[in-house]
Structure formats: structure tokens, C-alpha cells
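Enquirer: This is the structure, below, for whatever I ask next.
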Amino acid sequence: MTIKGSTVLLTGASGGIGHALARALAARGAHLVVTGRRADALGQLETSLGARPLVADLSDPEAVEDLAERAGPVDILVANAALPSSGPLLDYTPRELNRSLDVNLRAPLMLARLLAPRMVAAGRGHLVMIGSISGRTASPSTSLYSAAKFGLRGFTHGLRQDLHGTGVGVSLVQPGFVRDAGMFADSGATPPAGIRTVSPAQVVAGTLKAIERDRAEVNVAPLELRLGSAIGGLFPTLAAAVQRRAAPAALVRQIAQAQRHQR
């Protein structure tokens, strides 16, 4: 898929990784449509990059459908928006739980459903889902977040098979712990001992690779985390025992407390 000259809808553009993605896509010559909840942050992208801003709350199903309509014909979707969802499930109210699943799973799924028909009719397009290594193996106090990311992974690979031969690609990008920007960086926590982080630039590079090379899955994480998540998917009991030792309860609480106000 060629990004230059293509119309790209980027969700979650208000945040740090969203800004980095927007700059990279604009540098590739994309016609950017950016969306998020913060009009001021989107306004910065309009001023600096010439992006078209569309304020939308993706926790509202009607707003998701309205966004797809307002965006118009889209060649590439980069579904980057996500809501922090760390902490024990029992600490979440039903309303918070629904909001998390709406933003992290339902919204990207529905946007793909609403935007793909035009792409298929045109014989070209690409759908990119920004997931997480948490979609490969679960870890303590991530049951809700992992539920969405596991679901997003299954959806992406299934849809890729459904659209095979149509000219429309479907990709999944799964970052590990990202420093300097994003939910983990905003929490102020440090990763477990022996686990390295990746930069927003690496996430951007992985996303561009997914689009331009039509990669099914790009895991943006150090080797140890990619291997660990792969093994964890095969041997969940062993992985759980290792993670309990590698991720102290204090670290989990720190991340959850820092993210709670963002629910």
C-alpha cells in the first residue's frame, strides 16, 4: 500500500504516540484525518501538518458511526486509540468495564466494518490495528486490557483472511513497553527487571512497515519480550508463575493507580 496521496484516518491522535504517527504519515505524503477527544491537541496537528480534525468519543457507539460518515472515503485506517485498563477486574465498575471494551475493541472493529466496503470496491486499502504484546500473553492485573487486545488480535487475523484477494490489507502492530509517550510512559512506572523498552519511533516504524509491506503482524518489542510472549501463549501456567516473580505487586499497583483517572 502506498501512503503518499492516500487518505488516512488516525484514531487516538491526541496522545504522544498518536502525534508521532501523524507526523510520520504526513511526511509520507498522506492526507490526514485525525480524531480524538481533545480538540486542542487535534488543533495542533491541523496547524502543523494540515490534518483534518474530527473530535469523537469512541466509547460512544453512535459517535463511532458518525465518525466513519464524517471522515468520508478513507484509504487507510490506523486504529491507534486505546484506554488504560490496568488493575484488578473487581476494581472496575460495570460502566468502566464497558467503556474500556468499547474503546479498545468495539470501536476499531466497527470502524473496520464501516470503512472496508469502500476500500474493497476500490480494490485498494489497508486497516492497521495498534494492539499490544498483552494480546499475546496475559499478565497480572491486565485481565480487562488483555481481553480487548486478545480479541483485537483474533479479529485482525480473521479479517485479513476474509479480505484476502480484495486488494485490502489488514495488519496488527503490537508494541511492548513504550518509553517517552503512551499509556505505560504516562504511568511513570519502570518495566520489570531485565525487560527493555521501545521508543515511539520504533512503534511508528513498525506501523509504516505493516502498511507498506502488508505484514500480518509486527511485534515492536525487544527479543526477550517477543520470545517470552510467544512462550507464554503456548505455556500459560508457566508464564503466569514467571510473571508473578518478574512483575512485583507494587509495580502493578503503581501502573493501575496512575491510569485510574484516565478511565
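Yes or no, residue by residue, for (1) touching a Ser or Thr at 6+ places or on another chain (Cβ under 9 Å); (2) small (Gly, Ala, Ser); (3) under 30 Å from LEU234 (Cβ atoms):
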position: GLU96; (1), (2), (3): yes, no, no
position: ASN104; (1), (2), (3): yes, no, yes
position: THR137; (1), (2), (3): yes, no, yes
position: GLY151; (1), (2), (3): no, yes, yes
position: GLY158; (1), (2), (3): no, yes, yes
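Enquirer: Specify which of the listed residues (ARG196, ARG215, ARG245, ARG179) is in contact with a strand residue (DSSP E or B) (Cβ under 9 Å, 6 or more places away or on another chain) and either within 21 Å of SER86 (Cβ to Cβ) or at pLDDT below 75 (or both).
Expert: Sole residue among the options that is in contact with a strand residue (DSSP E or B) (Cβ under 9 Å, 6 or more places away or on another chain) and either within 21 Å of SER86 (Cβ to Cβ) or at pLDDT below 75 (or both): ARG179.
Enquirer: Does the stretch 233-241 contain any residue that is within 13 Å of VAL173 (Cα to Cα) and surrounded by 14 or more Cβ atoms within 10 Å (Cβ to Cβ)?
Expert: Checking the stretch 233-241: not a single residue is within 13 Å of VAL173 (Cα to Cα) and surrounded by 14 or more Cβ atoms within 10 Å (Cβ to Cβ).
Enquirer: Return the residues of the stretch 65-84 that are within 13 Å of the chain's Cα centre (by Cα) and small (Gly, Ala, Ser); say none if nothing qualifies.
Expert: ALA79, ALA81, ALA82
Enquirer: For a quick check of your reading: which helices (runs of 4 or more DSSP H) sit entirely within the stretch 1-89 and have at least 1 residues that are on the phi < 0 side of the Ramachandran plot, open to solvent by 20 Å² or more (accessible area, probe 1.4 Å) and in contact with a helix residue (DSSP H, G or I) (Cβ under 6 Å, 6 or more places away or on another chain)?
Expert: The qualifying helices (runs of 4 or more DSSP H) are 16-27, 39-49.
Enquirer: Name the pairs: first residue in the stretch 97-125 and more than 14 Å from LEU58 (Cα to Cα) and of a type in the set (Gly, Ala, Ser), second residue in a helix (DSSP H, G or I) and open to solvent by 50 Å² or more (accessible area, probe 1.4 Å), Cβ to Cβ under 9 Å, at least 6 apart or on different chains?
Expert: GLY125/ARG118
Enquirer: Can you tell me which residue is modelled with the lowest pLDDT among those in the stretch 138-154 that are crowded, with 19+ Cβ neighbours inside 10 Å and of a type outside the set (Ser, Thr, Tyr)?
Expert: Selected residue: ALA138.
Enquirer: Since ALA116 meets every condition but one in (1) in contact with a helix residue (DSSP H, G or I) (Cβ under 9 Å, 6 or more places away or on another chain); (2) at positive phi, which condition does it not meet?
Expert: Against the list (1) in contact with a helix residue (DSSP H, G or I) (Cβ under 9 Å, 6 or more places away or on another chain); (2) at positive phi, ALA116 comes up short only on (2).
Enquirer: List every residue pair whose Cβ atoms lie under 7 Å apart, where the two residues are 6 or more positions apart in sequence or sit on different chains, the first residue falls within the stretch 223-241 and is touching a residue at least 12 places away in the same chain (Cβ under 8 Å), and the second residue, located anywhere, is open to solvent by 50 Å² or more (accessible area, probe 1.4 Å) and of a type in the set (Val, Ile, Thr).
Expert: Pairs that qualify, where the first residue is touching a residue at least 12 places away in the same chain (Cβ under 8 Å) and the partner is open to solvent by 50 Å² or more (accessible area, probe 1.4 Å) and of a type in the set (Val, Ile, Thr), are ALA239/ILE231.
Enquirer: Residues in the stretch 112-135 that are open to solvent by 50 Å² or more (accessible area, probe 1.4 Å) and not small (Gly, Ala, Ser): how many?
Expert: The number of residues fulfilling the criteria is 6.
Enquirer: Kindly provide the set of residues from the stretch 158-183 that are more than 15 Å from the chain's Cα centre (by Cα) and open to solvent by 50 Å² or more (accessible area, probe 1.4 Å), ordered by number.
Expert: ARG160, GLN161, ASP162, HIS164, GLY165, ARG179, ASP180 - these are the residues of the stretch 158-183 that are more than 15 Å from the chain's Cα centre (by Cα) and open to solvent by 50 Å² or more (accessible area, probe 1.4 Å).
The values are calculated or read from the model by the stated rules, or taken from the named source; none is laboratory data. On a predicted model such as this, the values are computed, not experimentally measured, just so you know. Heads up, the Cβs are rebuilt from the backbone with ideal geometry, glycines too, and the neighbour counts pull from every protein chain shown. The protein model used for the area step is the full one, side chains on, heavy atoms only, and it has no ligands, DNA or RNA in it. Shrake-Rupley method; radii C 1.70, N 1.55, O 1.52, S 1.80 Å.
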